[in-house]
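Remarks on the structure that follows.
The values are calculated or read from the model by the stated rules, or taken from the named source; none is laboratory data. In this text, all values refer to a predicted model and were calculated from it rather than measured experimentally. Glycine gets a Cβ as well: all are built from the backbone with ideal geometry, and neighbour counts include every protein chain shown.
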Amino acid sequence: MEILPGVRQFKLPLPDRHLGYIFVYLLERSDGYLLIDTGWDTAASQEALTAQLAAAGVDYRDITLVMCTHFHPDHYGSAGMVKERARAKLVMHRLDPPKGMRRPHATMEAFVESMQEWLLSHGFPEEHIRQIGPPRWMQRGHLQTVETDIVAEDGDTLELKGGPVRLLWTPGHTPGHLCLYDPRRRLLFSGDHVLPKITPSIAVHGEESGNPLGDFLASLRKVQGLDVELICPGHEYTFGGLARRVDELVAHHEERCEEILKAIRIGHTTSYAIASRIHWNVGSWEQMSYWLHRAALGETLAHLEHLVQTGRVARRRDDGRWSFTLPA
Ligand SMILES: [Zn+2]
Ligand SMILES: [Zn+2]
């Protein structure tokens, strides 16, 4: 679908039923096209992309640049295929994919073992941990990464037909998430940074993951004041009202921080126990799978980390176990 002259939106199916699809975007350059995101590495997604390119009268070889907003498989999965067929250059931020991903764990067992230790240190019940296997992307071999040709920094520009567009480093959802801002057409290609209804997952995935929630909140403020008429996200639908949506997202995380503080106030100290007291929109804690418990723990920890960094929560480690309390 052509959403504006020179800007096309393609809808590609995802194996994940919850999200359903991803939008990728094709923008005209003077010597070809820029493709923003590539879809999942499945035959169905690649066929959909090929068909929609053909319907637009565009050949893979017309694509000269591919920019991936971040390394998640729905956005980055087919980057290798597109690069190969298009002979295009791939643009990404230097922090995506994270180094740990690029250096695959020696074995899947080693990865699972380090994940289990980490979960145990945060109060996850041992008998549940044993039932959590490796993540799906790992089982399906989605760990492959492709070489980035143009390592982007915040504020770098890309030349399009009619003028330059600006890459904005918006860490939080991933460490190297990029948005693309087109000031001339007042468009923000937001990837998973700003979505109309969904709040993107902001999570800690292991030791030394930094403060992704602090980064995310700063990245939201960074885009909030841009002159934007239409936000072109990776999922759901295009929408307007950027400043208002940013306020909603900030408020959502502030509410979650309040819920966490409440759980700590009534005596919960491990992040697992705290996570089990939070309202999750996928159902009650008892109904959630152990995989979802793990995801919830990662999100809870992102909030706890931010609360620690801003002095609202104290953290300590005894015998390898982390606990969180209110500061003395
Ligand atoms: Zn994502
Ligand atoms: Zn996504």
### Task
Might you check whether a residue that is away from ligand 1 (no atom under 16 Å from the Cβ) and aliphatic (A, V, I, L, M) occurs anywhere in segment 10-19?
no
### segment 246-269, residues that are surrounded by 11 or more Cβ atoms within 10 Å (Cβ to Cβ) and either at pLDDT below 95 or aliphatic (A, V, I, L, M) (or both)
VAL246, LEU249, VAL250, ILE260, LEU261, ALA263, ILE264
### Message
Of the conditions (1) within 16 Å of ligand 2 (Cβ to nearest atom); (2) out of contact with any Lys or Arg (no Cβ under 7 Å at 6 or more places or on another chain), GLY225 satisfies every one except a single condition; which number is it?
### Response
(1)
### Query
Is it fair to say VAL24 is touching a residue at least 12 places away in the same chain (Cβ under 8 Å) and away from ligand 2 (no atom under 13 Å from the Cβ)?
no
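Residue by residue, here is whether (1) surrounded by fewer than 22 Cβ atoms within 10 Å (Cβ to Cβ); (2) within 16 Å of ligand 2 (Cβ to nearest atom) holds:
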site: ALA51; (1), (2): yes, no
site: MET67; (1), (2): no, yes
site: TYR76; (1), (2): no, yes
site: ARG87; (1), (2): yes, no
site: LEU119; (1), (2): no, no
site: GLY123; (1), (2): yes, no
### Selection count where residues are acidic (Asp, Glu) and at pLDDT 95 or above, scope segment 200-222
1
### Query
How many residues does segment 149-182 hold that are more than 16 Å from ligand 1 (Cβ to nearest atom), closer than 30 Å to ALA295 by Cα and in a loop (DSSP other than H, G, I, E, B)?
2
### Query
On the given criteria, is ASP192 within 15 Å of ligand 1 (Cβ to nearest atom), within 24 Å of TRP322 (Cβ to Cβ) and at pLDDT 95 or above?
no
### Summary
Residue set GLU47, GLU2; condition more than 20 Å from GLY80 (Cα to Cα) and among the charged types (D, E, K, R); output residue GLU2
### Query
Are any residues in segment 163-190 within 24 Å of SER30 (Cα to Cα) and of a type in the set (Gly, Ala, Ser), and if so, which ones?
GLY163, SER190
### Query
Restricting attention to segment 228-251, which residues are at positive phi and out of contact with any Lys or Arg (no Cβ under 9 Å at 6 or more places or on another chain)?
GLY241
### Task
For segment 31-49, name all the residues that are at pLDDT 95 or above and surrounded by 14 or more Cβ atoms within 10 Å (Cβ to Cβ).
GLY32, TYR33, LEU34, LEU35, ILE36, ASP37, THR38, GLY39, SER45, GLN46, ALA48, LEU49
### Message
Looking at the structure I just gave you, is THR300 more than 30 Å from VAL223 (Cβ to Cβ), surrounded by 14 or more Cβ atoms within 10 Å (Cβ to Cβ) and not assigned by TED's automatic domain parsing to the domain that holds ALA218?
### Response
no
### Query
Which pairs have Cβ atoms under 8 Å, sit 6 or more apart or on different chains, and link a residue in segment 191-208 that is outside the structural domain of GLY298 (by TED's automatic domain parsing) and in a loop (DSSP other than H, G, I, E, B) to one that is away from ligand 1 (no atom under 11 Å from the Cβ) and among the polar types (S, T, N, Q)?
HIS193/THR170; HIS193/SER219; GLY206/SER114
